[in-house]
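What follows is calculated from the coordinates using simple rules that are stated; it is not laboratory data. Everything quoted here is computed from the prediction, not taken from an experiment. Here Cβ is always computed from backbone atoms with ideal geometry, including for glycine, and neighbour counts include all displayed protein chains.
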């Protein structure tokens, strides 16, 4: 067994161990917490790159915990999709940890620093665990680990954040319970919890009412976790209330991990049987439209960005929905996967990356501005670009990338999704896809209105605010994200290739 | 009418118990303004799911799941241990959720002096948050 094949479990275990070593080390020396956290996540990131390389060149990694063979033992199954999401999580996690090294003193009282890093590391553990696991109950446990960490982190600033955290806790627990009920139903009819094993046992049972109920429970449960339209109400309160690096992680990747869990479960267990492509499509388009309408009227920068996360969740869900819709309308299983379906899925997966990079950076930037001038109100930020040039320029790059301006990373993901819908209209046709196309274009253009509003405040408006650039780690992580958006936009092919490989895995084409 | 009582209610009463508990918990979570009551509702909801899992595993006349030659040769049936193990994990998760929720409630009580949600919202408005 190659050493790389142990990495999936090590990524999770190291993170969990470091959470507790931070707690012990922080007892003696508070300064060490940040370094332990950064070092751990860096190590995890290197491992994740090795995993990705192994998965792309050699093949899927199956790790049996304790040597127990599935379906009895827990299996960690890593393919191109998991590895891709894992790298994104850890990359964002690393830059947010670097940012929080300085920003946390602006956001939290000193006595909370140790517990902040402990919980942050638990949060990373949960995120990594959800992605590497191949066992549906294990997935539930990791979702709960990451959600519990997120509740605590959201509430950590006190004041209004407490109620936001509490609302999020109640909503999130309902979601997790629904997911648990769904798992229970699936277990009741099949007697298995391994996702791969379930995908073999379920097909004869699709007509069964219990399986149908499980399907609904899983969609609703994970829908709350990923904040899709009718279940998004906790997000606009919870995400802005958290400290900036945590807002970045929550908006940038946590909801996307919920999305990952949903597509992993749906596309593997119910391959296009219940026509959930249409459900995802409708919910995606609705969350896009509603999120956009609310986002435009926000004056609080972080709140605006939180609504924009709902919009982007909608775009990702629409991409996946289009893929599933095409596959379910093409009635007979063909030898070749329809090109439009894999393009749509690849676009959705690439959008996880481009949105993660852009949104995390803008949230971190809003943390920098808050550290500089102690406000989140857009009206009071005029002239910030003169005194905080690095932050403002980087944030503008991030906003333009989220908007989808051509030389930046965000352009490619939106382009792939819109292109695939256009292709599908040619090959499959149907009024649903035409409506999708129109709404997608409308939303992508409408979103420009508020992204440009923020960019204008940052770059053009002049005002009386005087401040100076914040500490180096905070500037570093923002600039790093900006460079990533730029480089990813100029040389998108490697990213698109990985996304296409991941989409083929989840759509079952390779 | 008799078959309704016999086949739907009595034969599956364990599911009815967990459904009723689930709905009670769900109602408390949505309708109650007191934050502690919301958390009690959440606990009832979670307990209902645990009961569902446990009753799923049980079988009439089943023995403990220690599989030996004797049990197999005499044709005994045994209770499925896996749901119990799963629920052990889920109980830990539920305890942790409750702990985090109670911690948040304590902090809110320190900050606002009340645990009624509407009064908290009112005080937030007064403070201009």
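So what is Rg over Rh here for segment B:1-113, counting just Cα atoms and using Kirkwood for Rh? Rg divided by Rh gives 1.16. Mean separation of Cα pairs under 8 Å and 6+ residues apart, divided by the residue count of segment A:286-510: what relative contact order is that in percent? For segment A:286-510, the relative contact order is 29 percent.
Here the protein assembly as shown carries DSSP beta bridges of which approximately 90% are antiparallel, counting only pairs with both residues inside.
Note on chain B: with a GNM built from Cα contacts shorter than 10 Å, the maximum mean-square fluctuation among B:113, B:25, B:61 falls on B:61.
When all alpha carbon pairs of segment A:313-436 are counted in 5 Å bins from zero, the resulting P(r) reads 2, 11, 18, 16, 12, 11, 9, 7, 6, 4, 2, 1, 0 %. Between the Cα long axis of helix B:82-112 and the first principal axis of chain B there is an angle of about 10°, rounded to the nearest 10. Relative to the longest principal axis of the Cα atoms of chain B, the long axis of helix B:13-31 makes an angle of roughly 10 degrees.
Based on Cα contacts under 8 Å between residues 6+ apart, chain A shows a relative contact order of 15 percent. Taking the longest Cα principal axis of chain B as reference, the axis of helix B:35-57 is set at about 10 degrees. Under Stokes-Einstein, with the Kirkwood radius over Cα pairs as Rh, the value for segment A:392-510 at 37 °C and 0.692 mPa s is 197 µm²/s.
Over segment A:198-288, the alpha carbon radius of gyration divided by the compact-protein estimate 2.2 N^0.38 Å works out to 1.23. Which of B:15, B:27, B:112 ends up with the largest GNM mean-square fluctuation for chain B, with Cα atoms connected below 10 Å? In the Gaussian network model the winner is B:112. The value obtained for chain A, namely the Cα convex hull volume divided by the number of residues, is 129 Å³ per residue. Projection of the Cα convex hull of segment A:286-510, averaged over all directions and equal to a quarter of that hull's surface, yields 11.9 nm².
Working ranking of peptides B:46-57, B:75-86, A:80-91 by packing, defined as the average number of other Cβ atoms within 10 Å per residue, highest first, is A:80-91, B:46-57, B:75-86.
So how far, in whole Å, is the C-alpha centre of segment B:45-117 from the one of segment A:250-309? About 31 Å separates the Cα centre of segment B:45-117 from the one of segment A:250-309. With contributions of -39500 (n - 2.57) from each DSSP H run of at least four residues, the per-residue ellipticity at 222 nm computed over the protein assembly as shown stands at -25500 deg cm²/dmol.
For segment A:7-148, what are the per-bin percents of Cα-Cα distances with bins 10 Å wide, up to the bin holding the maximum? Per 10 Å bin, starting at zero, the Cα-Cα P(r) for segment A:7-148 comes out as 13, 41, 31, 13, 3 percent. Using a cutoff of 8 angstrom between alpha carbon atoms and counting only pairs six or more residues apart, the relative contact order for chain B works out to 22 percent.
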